[in-house]
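Read-outs: derived from the displayed coordinates by stated rules, not from any lab. These figures come from a predicted structure and were not determined experimentally. Note: ideal-geometry Cβ built from the backbone for every residue, glycine included; neighbour counts use all protein chains shown.
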Amino acid sequence: MTLEETPENRLKRLRLRSWRRGTKEMDLILGRFADVELHQLDPEALASYERLIAEEDQSLYAWFSRREPAPPEHVQALEMIRHFHNLP
């Protein structure tokens, strides 16, 4: 978040980035989560989500599908999104 960015603009930016990924799978996973949950996240969880969505779609999908272990810094955000979607 930049110094000039309002909390409302940050949420809009994160929702847009969540829906405009590069793969439809990640659009659906992140976009649906963002639409419903972002406004409820505390500052730490929101920052964690923002760091997560900075990653490449191929890595994200491998972590969501559990084909590869997620880096420790992203585990909390991934679990939060998995829980939202009722993913194993």
Legend entry - Helix 75-85 vs. the chain, principal-axis angle (Cα, 0 to 90°, nearest 10): 80 degrees
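What's the extension gain from Leu87 to Lys12 if we count 0.36 nm per residue and subtract their Cα-Cα distance?
24.5 nm
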Legend entry - Per-selection Rg to Rh, the range 31-88 - Cα, Kirkwood hydrodynamic radius: 0.93
Legend entry - Chain lengthening between Asp27 and Glu56 when straightened (0.36 nm per residue, less Cα-Cα): 9.2 nm
Legend entry - Degrees, to the nearest 10: 43-52 long Cα axis against longest axis of the chain: 50 degrees
Legend entry - Length added when fully stretched, Glu79-Glu5, from 0.36 nm per residue minus Cα-Cα: 23.9 nm
Legend entry - In sequence order, calculated HN-Hα J values of the range 20-33 (Karplus, 6.51, -1.76, 1.60; Hz; x Gly/Pro): 10, 8, x, 10, 4, 4, 6, 4, 5, 5, 7, x, 4, 4
Inset, instruction - May I ask you to order 5-17, 25-37 by the average number of other C-beta atoms within 10 Å around their residues, highest value first? - result: 25-37, 5-17
